[in-house]
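Data block below; observations after.
What follows is calculated from the coordinates using simple rules that are stated; it is not laboratory data. These numbers were taken from a predicted model, which means no experiment stands behind them. Here the Cβ positions follow ideal geometry from the backbone for every residue, glycine too, while neighbour counts run over all protein chains shown.
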Amino acid sequence: MKTLPKAPFFETGVKSYIYGDDVLKYAKAVDEAAIKYEIDVLFIAPYTDIRRVIENTEKIIVTAPYMDTLRPGRGIADILPEAIKASGAKGVILNHCEKVMSLPAIKQTIDRANELELFTFACADSLIEAKAIAQFHPDIINPEPSELIGTVNASDISYVKETLKLIKGMFPDILVEQAAGITNGAQVYELLMIGNDGVGSASGILKSPDPIATLHDMLSNVKRAKDDLCKHKMQS
């Protein structure tokens with residue numbers, strides 16, 4: 001059975017901003033915050049740190065940054081899906097702008113991940129690409145324009161609402177996350193309150209003057225949104 005995050009959730013990772021022991025230090029801080037605010041957090045770990053992060057954390061859902069579709073055997077430099085599963089990771093990122101994939105490759109990778117009960121988190125650069133990828137039924141779609149990733153410019157709210165309407169209109173069970181240009185908790189809260197299942201940030205945290213304070217600002221706002229959404233549901 002797949003391990004999927006419960007909405008509203010948060011997602012973060014390190015990309016190549018930090019490495020080595022700093023990855024574990026950050027993962028532990030994220031794990032502590034996830035426990036404190038009682039929310040699910042996806043943590044995208046470098047391959048070299050997946051097992052170590054898993055063995056030293058409790059709540060975060062560790063996710064691999066990519067995988068290939070080969071099967072056990074030859075393939076010395078490829079990322080074997082079975083090895084991702086054996087490492088303890090629960091899911092895999094597909095088609096990030098820093099590792100772009102063709103549509104056939106995305107479909108094949110989703111199928112391989114499903115064989116191993118790994119969840120798939122697919123990035124889409126546009127409404128057109130989001131619509132195409134949704135037809136392959138990944139578990140999560142992150143419809144973020146590539147030009148905004150790693151910047152301080154978030155997606156326009158009208159674009160966010162349009163992506164939500166498109167994806168949820170096709171498959172209501174696909175989780176939708178927004179992540180481009182997120183730098184503060186207020187953005188996190190707003191995006192969750194308009195219907196997104198999750199919000200993510202990597203550079204917005206790690207490039208901030210105080211990454212741990214920024215992390216807590218964002219996760220506390222996931223908790224605030226979770227509580228407010230629950231209240232609204234009970235009142236309706």
Margin query: Starting from the 7 Å offset along Cα-to-Cβ, what nm value, one decimal, do you get for the label separation of Asp173 and Leu229?
Written below: 1.8
Checklist line | FRET efficiency estimate (nearest 0.05) - Cβ-Cβ, Lys2 to Lys161, R0 22 angstrom | finding: 0.20
Checklist line | Ranked list, fewest to most other Cβ atoms within 10 Å of each Cβ, for Thr48, Thr3, Thr57 | finding: Thr48, Thr3, Thr57
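Could you give the dipole magnitude of segment 9-235 about its Cα centre, charging the beta-carbon of Lys and Arg +1 and that of Asp and Glu -1, in debye to the nearest 20?
Numbers: 24 positive and 32 negative charges, 45 e Å.
I would put it at about 220 debye.
Counting Lys and Arg as +1 and Asp and Glu as -1, each charge on the Cβ, what is the dipole of segment 1-104 about the Cα centre in debye, to the nearest 20? Spell out each step's value before the answer.
Values: 14 positive and 14 negative charges, 52 e Å.
Here the size comes out at about 260 debye.
Tell me what the chain gives for mean residue ellipticity at 222 nm when only DSSP H runs of n ≥ 4 count, each as -39,500 (n - 2.57), the sum divided by the residue total, rounded to 500 deg cm²/dmol.
Details: 9 runs with 103 residues, N = 236.
For the chain, the value works out to -13500 deg cm²/dmol.
Calculate, in whole percent, how much of the Cα-Cα pair population of the chain lies beyond 27 Å. Intermediate values should be presented prior to the final figure.
Values: 7989 of 27730 pairs.
Everything past 27 Å amounts to 29 percent.
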Item checked: Lys28 paired with Val100, simple spin-label distance in nm, labels 7 Å along Cα-to-beta-carbon -> 4.0
Checklist line | Rounded FRET efficiency, nearest 0.05, which uses the C-beta distance separating Glu58 from Met193 and R0 of 25 Å | finding: 0.35
